[in-house]
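Quick note: the coordinates plus some simple rules give every number you see, no bench work behind them. Computed from a prediction, not measured in an experiment: that's the story for all the values here. Positions of Cβ are backbone-derived with ideal geometry, glycine not excepted, and every protein chain shown enters the neighbour counts.
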Amino acid sequence: MKTAIIHDWLTGMRGGEKCLEVFCELFPDADLFTLVHDPGSASPAIERMRIKTSFIGRLPGAKAGFRRYLPLFPLAVEGFDLRGYELVLSSSHCAAKGVIPPPASVHVCYIYTPMRYAWDMYHEYFPGGKSGLASRLLVPFFMNRLRAWDVASSARVDRFAAISRHVARRVELYYRRDSEVIYPPVDLDAYRPGGEDGGFFLMVSALVPYKRVDLAVSAFNMLGLPLVVIGAGPEEERLRSMARGNVQFLGWQDHAVLARRYASCRAFVFPGEEDFGITPLEAQASGRPVIAYGAGGALETVAGLGDAPEGEQPTGVFFREQTAECLAAAVERFIREEGAFRDREAVRRNTIRFSRPRFRDEIARFINKAVGR
């Protein structure tokens, strides 16, 4: 079966690329289409594919600043020539699901979120008060058109699979479509309990507004407890200027450093609302509990203290209001109840249902069912 895989862009290895890696293993002879490709930024399993890019990658400054061309994404993705392909598999959090499939093909979409720029996080990405007059006039116009395209193009998908129940609800809300929930994979073998407790709290995150790293910095400024932040992004300078001496920024680190930090942290801090959230599961796979905002995907991946089913090991503490004060209170609650999380292997067991082999089997069955095999 001639197969085309569509992925929004290839500029690094995050959660979506871990899923794409499995798709490439399932369909090693497929052609891989993407808006922009930074060669060498993805894993060998992805880089060895026949990768075909759009005209976006040839525009000025596209490699580092391709998001500025967001209004052109629909035009670019619709320009992919998919004639002759029998299976179209889109891996989409932005525009990939909007390709135009051949009439006789089956189009299956694994969706990480409906386009967050245009929908639920529009105001986080485009804060009106911080932009100039031209932006305040043009951005709403283009976003209105982008939303209309996003909804219309969802009809080109035969079957949706969503990364969480949280995303499935948004697919139903915005697209009026059903979707099957298939949780993305976590490389559990790469993270193991072990090592001494280093006494610090940990965040691993891109430093962008919706991750709410600012809440963690403010909360730990109040608490005076050590917080280590691994990650980088456009918010880094502002966050560093906010932080006191107990908050340490390490930038992005390689896997060996990351695994050691996960295994030796006191707890992992997750203050943003995510569609799913891989990092809390990596922390739990390392035997470490999570202090998380009680919304979005965290409700599906963390067993909250007091919320876990009877007889099950809690793996974290939730805070219900997205404020620094509530996060600080949750950290203090965690410290009072820390004994509930001493069994590192029990914390890790919560992650088994998110294993990579499980994802591979479930997505393969989903695709086979869609194509009638």
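For labels at residue 295 and residue 358 in the simple 7 Å Cα→Cβ model, what's the distance in nm?
2.7 nm
By counting other Cβ atoms within 10 Å of each Cβ, how are 32, 258 ranked from fewest to most? Intermediate results must be reported in sequence, preceding the final value.
Working: 32 26, 258 20.
Exposure proxy ranking, most exposed first: 258, 32.
Which Cα, out of 163, 286, 226, lies furthest along the positive dipole direction of the chain (beta carbon charges, K/R +1, D/E -1)?
The listed residue farthest towards the positive side: 163.
Long-range amide H contacts for residue 161: which residues qualify at under 5 Å (H placed 1.01 Å from N, peptide plane, sequence gap of 5 or more or a different chain)?
Here 109, 110, 111, 180 satisfy the definition.
Quick one: Karplus J couplings for segment 287-292, per residue in order, coefficients 6.51, -1.76, 1.60, θ = phi - 60°, nearest Hz, x for Gly and Pro?
Calculated HN-Hα couplings, in order: x, 10, x, 10, 10, 10 Hz.
Loop-only check: which GluC sites (Glu not before Pro) in segment 176-245 are DSSP coil with at most 13 other Cβ within 10 angstrom? Before the final figure, lay out the partial values.
Details: sites: 180, 196, 235, 236, 237; in loops: 196, 235.
Answer by residue number: 196.
At R0 = 22 Å, how high is the FRET efficiency between residue 192 and residue 41 if r is their beta carbon distance? Nearest 0.05 is fine. The partial results should precede the final answer.
Numbers: r = 27 Å, r/R0 = 1.22.
Calculated value: 0.25.
Place a +1 charge on the Cβ of each Lys and Arg in the chain and a -1 charge on the Cβ of each Asp and Glu, then give the dipole magnitude about the Cα centre in debye, rounded to the nearest 20. Walk me through the numbers on the way to the answer.
On the way: 48 positive and 44 negative charges, 153 e Å.
The calculated dipole for the chain is roughly 740 debye.
Assigning unit charges at the beta carbon (Lys, Arg +1; Asp, Glu -1) and nothing else, what dipole magnitude in debye, to the nearest 20, does segment 329-373 show about its Cα centre?
Details: 13 positive and 7 negative charges, 80 e Å.
Roughly 380 debye for segment 329-373.
Give the long-range amide H neighbours of residue 274: residues separated by 5 or more places, or on another chain, with amide H under 5 Å away, using H modelled in the peptide plane at 1.01 Å from N.
When sequence neighbours closer than 5 places are left aside, the close amide H contacts are 297, 298.
Going by how many other beta carbons lie within 10 Å of each one, how would you line up 10, 305, 26, fewest first? If you can, show how the numbers build up before the last one.
Numbers: 10 25, 305 19, 26 15.
Listed from fewest to most nearby Cβ atoms, that is 26, 305, 10.
Counting only residues 5 or more places away or on other chains, whose amide H sits under 5 Å from the amide H of residue 9 once H atoms are built in the peptide plane?
Close amide H contacts, sequence-distant or interchain: 35.
What's the Cα-based Rg to Rh of segment 188-353, Rh via Kirkwood? Before the final figure, lay out the partial values.
Details: Rg = 14.4 Å, Rh = 15.5 Å.
Across segment 188-353, the Cα-based Rg/Rh ratio is 0.93.
Which pairs, out of 63/369; 52/211; 2/52; 63/211, put more than 26 Å between their alpha-carbon atoms? Mind showing how you got there, number by number?
Values: 63/369 37 Å; 52/211 31 Å; 2/52 15 Å; 63/211 23 Å.
Table pairs above 26 Å Cα-Cα are 63/369; 52/211.
What per residue convex hull volume, in Å³, do the alpha-carbon atoms of the chain yield? Working shown, then result.
On the way: hull volume 52.8 nm³, N = 373.
Hull volume over Cα atoms, normalised by residue count, gives 142 Å³.
For the chain, build the charge dipole from Cβ charges (+1 Lys, Arg; -1 Asp, Glu) around the Cα centre, then report which of 175, 350, 302 sits farthest towards its positive end.
175
Once phi is turned into θ = phi - 60°, what whole-Hz ³J(HN,Hα) does the Karplus curve with 6.51, -1.76 and 1.60 give for every residue of segment 20-33, x standing for Gly and Pro?
4, 4, 5, 4, 5, 6, 5, 10, x, 9, 6, 8, 10, 9
Suppose each label sits 7 Å from its Cα in the direction of the beta carbon; what would the residue 312-residue 152 distance come out to in nanometres?
4.3 nm
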